[in-house]
Amino acid sequence: FNTLGMRRALRSGEPVRISRARSVEAAFLASVGRSQRRRVAAALTEAQALAARSGDRHAQALAVGVEGQAALFFGEFARAQVLCQEAEGLMREHCVGAAREVATMRVWAARAMQYMGKVHELAAWLPEAMQECRDRGDLYTETTLRAGVVPFARLCAGDPAGARRECVAARAAWTTAGFHVQHYFAAMSEIATAIYAGDGAAAVELARAIWPVLERSLLLRVQLVRVAAYETVARALIAA
């Protein structure tokens, strides 16, 4: 779909549309991993230049956000947090109808904090973020955080039962059709919770049950997902 959009944007010659398409292209390329650094940089350079020339605030904020997303996918977590939070601020202040983009930036910033082990910062940030999701009826962001970030915070607080409840609640709130990133986050959180609780055998069983589904989902094409999934399963095997 993005390639089709890119072709049409280029035919139109409209700078804002081309900038947005190039930003989204950079996001997809970044998901492949660090091998795509040069292509991501080239796409973002063009997206940012077109956005600056046009003066379009959404295109500008999107380019900053995708740069943050790329940093996350490349393992540059401190930079990712800064850029994603900057992009969120720009979108909130200047863009109408950018709820999806704001949600994405919040999730990526939270994941960056999680990977860096910013436990106290994350614990202070989560209650307000989750309440805002409930106030807005934003099931997507609430479920995504509940599946992947909140259980981590619960485990850091020494509450495996609470982590497990969050995983169950996230699954109950989400569709059972297909396998989405929310299912992946919940599965990894459940395995981590079993490891924390000292039940290595249960962690391995969970990993065995989810792995074929995860492979079919194609999420393992994303380098960050692949590394994190292997690391989680390896910990389960050691725990067992």
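Positive end of the charge dipole of the stretch 114-240 (Lys, Arg +1 and Asp, Glu -1 on Cβ, about the Cα centre): tell me which of A163, A229, V149 has its Cα farthest that way.
A229
Read through the labelled values [x] 110, 40, 32; [y] 56, 51, 34; [z] 58, 35, 33 and report the label of the one computed as Cα extents along the principal axes in Å from the structure.
Label [z] holds the value from this structure.
Might you report the magnitude of the Cβ-based charge dipole of the stretch 44-195 about its Cα centre, with Lys and Arg at +1 and Asp and Glu at -1, to the nearest 20 debye?
Using only the charged Cβ atoms, the result is roughly 320 debye.
Got a sec? Charge dipole of the chain, +1 on Cβ for Lys and Arg, -1 for Asp and Glu; which of P212, G200, M188 is way out at the positive end?
Going by the charge dipole, the pick is P212.
Ratio of alpha-carbon Rg to the 2.2 N^0.38 Å globular estimate for the stretch 40-153, to two decimals, please.
Rg over 2.2 N^0.38 Å, computed on Cα atoms: 1.07.
With θ set to phi - 60°, apply the Karplus curve 6.51 cos²θ - 1.76 cosθ + 1.60 along the stretch 131-144 and write out the HN-Hα couplings as whole Hz, x wherever there is a Gly or Pro.
Per residue, the Karplus-derived 3J(HN,Hα) values read 5, 4, 4, 5, 5, 8, x, 8, 5, 4, 5, 4, 5, 5 Hz.
Return the distance in nm (one decimal) between the two label points of a simple spin-label model at A41 and R57, each offset 7 Å from Cα along Cα→Cβ.
3.2 nm
To the nearest 20 debye, what is the magnitude of the charge dipole of the stretch 189-240 about its Cα centre, counting +1 on the Cβ of each Lys and Arg and -1 on the Cβ of each Asp and Glu?
Its charge dipole is roughly 220 debye.
Given a 1.4 angstrom probe, what's the average accessible area per residue across the chain, in square angstrom?
50 Å²
Just going by the charge dipole of the chain, with Lys and Arg at +1 and Asp and Glu at -1 on Cβ, which of A87, L126, G137 is farthest out on the positive end?
Of the candidates, A87 comes out farthest on the positive side.
Charges at C-beta only: +1 for Lys and Arg, -1 for Asp and Glu. How large is the resulting dipole of the stretch 118-240 about its Cα centre, in Debye rounded to 20?
300 debye
The values are calculated or read from the model by the stated rules, or taken from the named source; none is laboratory data. All figures in this text were calculated on a predicted structure; none of them were measured in a lab. Here Cβ is always computed from backbone atoms with ideal geometry, including for glycine, and neighbour counts include all displayed protein chains. SASA here: full protein model, heavy atoms, side chains in, ligands and nucleic acids out. Shrake-Rupley method; radii C 1.70, N 1.55, O 1.52, S 1.80 Å.
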